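A short write-up of the structure that comes next.
No value in this document is a laboratory result; all are computed from the given coordinates. Bear in mind the structure is a predicted one, so any value in this text is a computation, not a measurement. All Cβ positions, glycine included, derive from the backbone under ideal geometry; neighbour counts span all protein chains shown.
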Amino acid sequence: MSKYFILFKTLVAENLNLGSLFKIKSKRKTTVLIFSILLFLVILGSIFAMVYGMASILKEINAVELLFSMALLGGTFITFMSVLTKSNDYLFKSKDGDQLFSFPLKNSTIVLAKFSLLTVLSYISFAVLYIPVMIVYPMFVAVPWTYYPASIIVYLLTPLVFIVIGSLIAYLLGLIFINFKYKNALAIFGYMVMLVGIFTFNMLATTPESIGNAFGVMGVIAKYMFPLEWAIRIINGEWIWFIPFFLINALSVVVFILVTLKYYKRVFLKINQQQRSNVFKDEHINVEKKGIIRVLLAREFKKYFSFPAYVMNTIMSPLMSIIMTVVLYLQLRNAVDGPSVEFITLILVAINAFIGGMSPTTSVSLSLEGKEFWILKSSPIKPASVFIAKILMNVILFGVGSVVVAVILFAFMGLNILSSTLVLITLLLSVLFASMAGILANLLLPKMNFDQPIKVVKQSMSVLVSMVVGLIATALAAGLGFIGFKNTQNIDITLGSAIAVYILLSLIVGLVLKYIGPKLYRKLEA
């Protein structure tokens with residue numbers, strides 16, 4: 001058992017990148033910890049506020065009990081999708097797999113440790129919605145004394161069967177599409193359709209009636225997903241349902257682990273052999289017939305679309321911008337005595353600028369080079385050319401969304417050509433700044449050693465830093481702009497001041513990249 005705990009602790013430290021935290025100098029470590037805690041509190045507060053608002057609306061229609069249907073259905077959905085995308089990486093892939101099997105460890109120890117890691121990460125995903133609902137629910141409904149013990153038991157058991165189902169489906173899909181040429185495109189398309197649907201659903205459900213109908217649908221779905229129906233009954237004090245609820249979750253885990261143990265080493269070696277056969281398939285960087293920036297840009301797009309998790313973590317931002325702009329227009333077009341068109345436009349521009357800076361591809365693009373970074377570093381290509389290509393890719397991806405938003409505002413909000421042009425310039429400059437800040441953050445906080453790209457995309461400090469920098473830049477531009485609008489009531493002057501802020505910030509980051517960036521680039525090691 002001691003070997004299990006040692007291996008589990010090692011896997012947690014490796015996957016959560018805790019080792020790098022202890023290598024940081026004391027002052028910087030304190031800053032990182034404070035920043036991480038503040039970011040966690042902001043996210044947690046936002047979720048609590050959202051849940052409390054939903055509960056208040058549901059109380060108006062006497063349907064607060066549907067809140068737990070949302071928590072269980074939403075939590076299990078997040079958990080299931082997380083497991084579907086991560087289980088193969090955590091269970092069957094490892095950069096040190098050969099070394100792992102050379103240790104005096106039983107297969108059962110390895111499987112249990114890896115499954116425990118996947119379970120802990122799934123608990124975190126499940127807690128995002130479940131814990132806030134568990135705390136908010138008693139504020140609106142009288143609950144039995146068994147409420148909190150029952151809620152904790154439900155929290156610990158509910159994700160298990162979905163972890164097993166998600167892992168099995170992920171493994172089967174991996175086998176089916178292991179040699180499928182367009183498997184990444186298929187995965188990206190599927191995730192995109194799902195996420196766009198969820199985001200649109202949330203944007204449209206804004207009235208008590210629409211939210212009540214939406215939660216009613218969730219309640220019906222949860223009822224037919226019998227483990228969730230049993231969980232709700234247990235929370236309400238009907239403990240007779242605990243026995244089947246416990247059995248279905250516990251037995252699914254036991255059966256899954258026993259089956260995995262029987263075939264684990266064979267599956268592990270097969271998947272990792274396929275993974276190694278795909279390493280270093282990068283084409284030789286040939287710049288004789290094409291311009292260097294063009295070649296590097298094509299290489300960036302090819303690498304970008306080869307990682308579905310990378311795509312889904314970034315491409316949702318421009319899609320969210322477009323959907324949100326259309327939905328807000330549809331909701332505000334018939335408003336009586338609402339804010340002016342100019343003020344609504346400025347709000348939409350500020351929101352779109354913030355979204356555009358949330359997840360720039362540049363914040364992890366250097367880290368994702370990984371073991372192939374030596375190809376770039378040893379080639380006669382200047383660091384500036386690499387920076388420009390990576391920045392251009394993000395500007396192109398997010399710039400398309402900015403153009404669409406500007407066209408929507410021009411067509412629907414009745415803006416003149418000058419105002420629409422200033423809107424477009426503001427959004428493009430916000431994207432440019434976010435792109436430059438992202439690559440600078442990646443130079444300062446690289447994560448070059450990894451076994452799976454998803455860990456770089458989801459667990460890099462550079463992603464969080466670039467997100468916060470984008471938020472600060474948007475706050476500066478929006479704050480100055482709205483002060484100007486309050487005094488002048490002129491949208492063009494307001495947008496002009498925001499443009500000036502982004503130009504100034506972009507120049508500062510650009511100078512840092514020009515004079516310090518190459519030195520940081522040469523220090524990077526795969």
List, in order, the whole-Hz ³J(HN,Hα) value for each residue of region 412-418 obtained from phi through the Karplus relation with A = 6.51, B = -1.76, C = 1.60 and θ = phi - 60°; use x for Gly and Pro.
9, 8, x, 6, 7, 5, 4
Would you mind getting me the FRET efficiency between Ser108 and Glu525? Use the beta-carbon distance for r and R0 = 45 Å, nearest 0.05.
0.75
Using θ = phi - 60° and the Karplus form 6.51 cos²θ - 1.76 cosθ + 1.60, what ³J(HN,Hα) does each residue of region 114-120 get, whole Hz, x for Gly and Pro?
5, 5, 5, 4, 4, 5, 4
With each label point set 7 Å from Cα along the Cα-Cβ vector, what nm distance links Leu156 and Ala298?
5.8 nm
Peptides 403-415, 342-354 ordered by average Cβ neighbours within 10 Å, highest first
342-354, 403-415
What ranking, highest mean first, results for peptides 432-442, 115-125 when packing means the other Cβ atoms within 10 Å averaged over each residue?
432-442, 115-125
Quick calc, Leu511 & Val255: beta-carbon distance into FRET formula, R0 51 Å, rounding 0.05, result 0.25
At a Förster radius of 30 Å, what calculated FRET efficiency corresponds to the Cβ-Cβ distance of Ser378 and Ser2, to the nearest 0.05?
0.10
Compute for region 368-498: radius of gyration divided by Kirkwood radius, i.e. Rg/Rh, restricted to C-alpha atoms, rounded to two decimals.
1.08
Placing +1 at every Lys and Arg Cβ and -1 at every Asp and Glu Cβ, with all other atoms neutral, what dipole size does region 280-526 have around its Cα centre, in debye to the nearest 20?
820 debye
When the Karplus curve 6.51 cos²θ - 1.76 cosθ + 1.60 is applied with θ = phi - 60°, which whole-Hz ³J(HN,Hα) does each residue of region 155-167 get, with x for Gly and Pro?
4, 6, 9, 3, x, 4, 5, 6, 5, 5, 4, x, 5
How big is region 280-526 along each principal axis, measuring the range of its Cα positions in Å and listing the largest first?
62, 37, 33
Report the gain in length on full extension from Tyr263 to Ile503: 0.36 nm times residue separation, minus Cα-Cα distance, nm rounded to one decimal.
80.6 nm
Place a point 7 Å from the Cα of Glu60 along the Cα-to-Cβ direction; which residues of region 117-147 have their backbone N under 16 Å from it?
none
Taking the Cα-to-Cβ direction at Val120 and at Phe140 and moving 7 Å from each Cα, how far apart do the two end points lie in nm?
3.4 nm
What distance in nm separates the two pseudo spin-label positions at Ile165 and Ile483, each 7 Å out from Cα along the beta-carbon direction?
5.4 nm
